[in-house]
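Take a look at the structure set out below.
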Amino acid sequence: MSAKKIKVQGLQISIEPINDIDYISLTDIAKQSAQNKPAVTIQSWLRNTNTILFLDTWEKVHNPDYKVSHLADFILNASNNRLQISPKQWSKDMNGIGLVSKAGRNGGTLAHKDIAINFCYWLSPPFQVYFIKEFQRLQEEEFERQNLKWHISKITDNIEEVRNLLDTIPGQEPDRNRLKSK
């Protein structure tokens, strides 16, 4: 699978597959807020107690390797204004899988769709509504495409079965029979 993009209120948002699961660029979404750089916006969201509780619950449900015992330390660090916390730190300290940080030119912070929706809500509830609508449209398109591929595959399989059945009919002209009876 390759990266996809959706457009929400004029903002282009990247969706990248990681282990066959769509992860959405929080960095692109954070550009919706012109107040700060995207990284600063994401770090501010990550300092929010409700965000940490949401991430904690999400990881408990989806991640068997989640280090729940480190949560108290992470909350303590998040409440200390002198310390910087980041999605990369969350992933490292908590063994989290919901947030992924990538360095480099096309880098940024990616999040599982559930977490991205939570981020949108924190950033702008109206933006969240448009984001959900556009993301669902993309998923429906992909489902229809996959469904069409499946149906074509079934039709092809059925045609092949019929051809094989017809090849077994006795008394056919030899040039029409693919089995070429001797």
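Some notes on this structure:
- All of (1) crowded, with 16+ Cβ neighbours inside 10 Å; (2) over 14 Å from Leu99 (Cα atoms) hold for Asn50 with one exception: (1).
- From the list Lys88, Lys60, the lone residue that is over 26 Å from Leu11 (Cα atoms), modelled with pLDDT of 90 or more, of a type in the set (Lys, Arg) and surrounded by fewer than 17 Cβ atoms within 10 Å (Cβ to Cβ) is Lys60.
- You will find that of Ile115, Ile75, the residue that is among the hydrophobic types (A, V, I, L, M, F, W, C) and under 23 Å from the mean Cα position of the chain (by Cα) is Ile115 and no other.
Yes/no matrix, rows are residues, columns are (1) farther than 17 Å from Leu26 by Cα; (2) outside any loop (DSSP other than H, G, I, E, B); (3) at pLDDT 90 or above; (4) among the aliphatic types (A, V, I, L, M):
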residue	(1), (2), (3), (4)
Thr41	no, yes, yes, no
Leu46	no, yes, yes, yes
Ile52	no, yes, yes, yes
Tyr66	yes, no, yes, no
Ala72	yes, yes, no, yes
Ile75	yes, yes, no, yes
Trp122	no, yes, yes, no
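- Counting the residues of the stretch 6-33 that are surrounded by fewer than 15 Cβ atoms within 10 Å (Cβ to Cβ) and of a type in the set (S, T, N, Q) gives 3.
- Enumeration of residues in the stretch 24-39 that are part of a strand (DSSP E or B) and either in contact with a Gly (Cβ under 9 Å, 6 or more places away or on another chain) or over 29 Å from Leu71 (Cβ atoms) (or both): Ser25
- When the residues of the stretch 101-133 are filtered to those that are among the aliphatic types (A, V, I, L, M) and surrounded by fewer than 21 Cβ atoms within 10 Å (Cβ to Cβ), the one that is nearest to Ile21 (Cα to Cα) is Ile117.
- The single condition from (1) over 20 Å from the mean Cα position of the chain (by Cα); (2) among the polar types (S, T, N, Q); (3) more than 15 Å from Ala111 (Cα to Cα) that Gln89 fails is (3).
- Selection from the stretch 42-76 of residues that are β-branched (Val, Ile, Thr) and touching a Leu at 6+ places or on another chain (Cβ under 7 Å): Ile42
- Single residue of the stretch 97-118 satisfying the filter (at pLDDT 95 or above and assigned to a loop (DSSP other than H, G, I, E, B)) that is nearest to Ile52 (Cα to Cα): Gly98
- Residue within the stretch 14-23 that is aromatic (Phe, Trp, Tyr) and under 22 Å from Glu140 (Cα atoms) present: yes
The values are calculated or read from the model by the stated rules, or taken from the named source; none is laboratory data. All values reported here derive from a predicted model rather than from experimental measurement. When we count neighbours, we look across all protein chains shown, and the Cβ atoms used for this are built from the backbone with ideal geometry, even at glycine.
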